[in-house]
Amino acid sequence: MKLSADKTNKEITQDAFSLNRINLKIGIFSDLRAKFLRCKVQGSSDLAQLKRVEVVAGLIFDQGRLLVCQRNSRGSFALKWEFPGGKLEQGEGHKGALRRELKEELGIEAGRLSELFRHEHLYPKIARINLRFFRVEDYSGELKNLVFQQIKWVRIKELMQMDFLDGDLPIVRKLVSSYGK
């Protein structure tokens, strides 16, 4: 806006009106920004208060197929598909936890494990889950379903048609995009 001594009263009034509109917009923007920041801080504190849980999962391959497990109908996330594994116990390492879980869930002794993928998933109002996925290179024993509704071998391209836990979806997408052709 250009100020000059030869502006008319009408031009000055229009300039003042324009300035008021700009100030009003800035004020509204500032109010919205303040509300957003309050929400963000509120959400951050809610997020910080959520329990953090370390989870491991095993990817067991056999002749181009992958073992998937359906959660029991009586537990949380009933009938969702997942990879075998579970939560770390106090003082337990990731590979140790996976070996224990595979023994408890499938009755096998896991051999070599190699980490393939990790990420954090937020289950709102429940927990922040740090997931690590390992390829089970080898194992001994016969696979038995000890805790699941069902277990089955599926081709990687079939994974996207299954109702997986939200926390497993990033690795499912990665597997399908890399190997599901």
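The values are calculated or read from the model by the stated rules, or taken from the named source; none is laboratory data. All values reported here derive from a predicted model rather than from experimental measurement. Note: ideal-geometry Cβ built from the backbone for every residue, glycine included; neighbour counts use all protein chains shown.
Structural remarks
- Flag if Leu79 is touching a residue at least 40 places away in the same chain (Cβ under 8 Å) and either exposed (fewer than 11 other Cβ atoms within 10 Å of the Cβ) or in contact with a Ser or Thr (Cβ under 7 Å, 6 or more places away or on another chain) (or both): yes
- Number of positions in the stretch 81-100 that are acidic (Asp, Glu) and under 20 Å from Lys152 (Cβ atoms): 1
- Summed over the stretch 134-159, residues that are under 13 Å from Leu102 (Cα atoms) and in contact with a Phe, Trp or Tyr (Cβ under 6 Å, 6 or more places away or on another chain) total 0.
- Checking every residue in the stretch 131-147 against the condition of being farther than 13 Å from Leu106 by Cβ, within 12 Å of the chain's Cα centre (by Cα) and touching a residue at least 12 places away in the same chain (Cβ under 8 Å) gives at least one match.
- Contact map, the stretch 152-181: residues that are under 13 Å from Leu66 (Cα atoms) paired with residues that are among the small types (Gly, Ala, Ser) and surrounded by 15 or more Cβ atoms within 10 Å (Cβ to Cβ), Cβ distance under 6 Å, separation 6+ or inter-chain. Pairs shown: Ile156/Gly180; Lys157/Gly180.
- Filter result (modelled with pLDDT under 95 and either among the basic types (Lys, Arg) or within 14 Å of Ile171 (Cα to Cα) (or both)) within the stretch 46-93: Lys51, Arg52, Arg74
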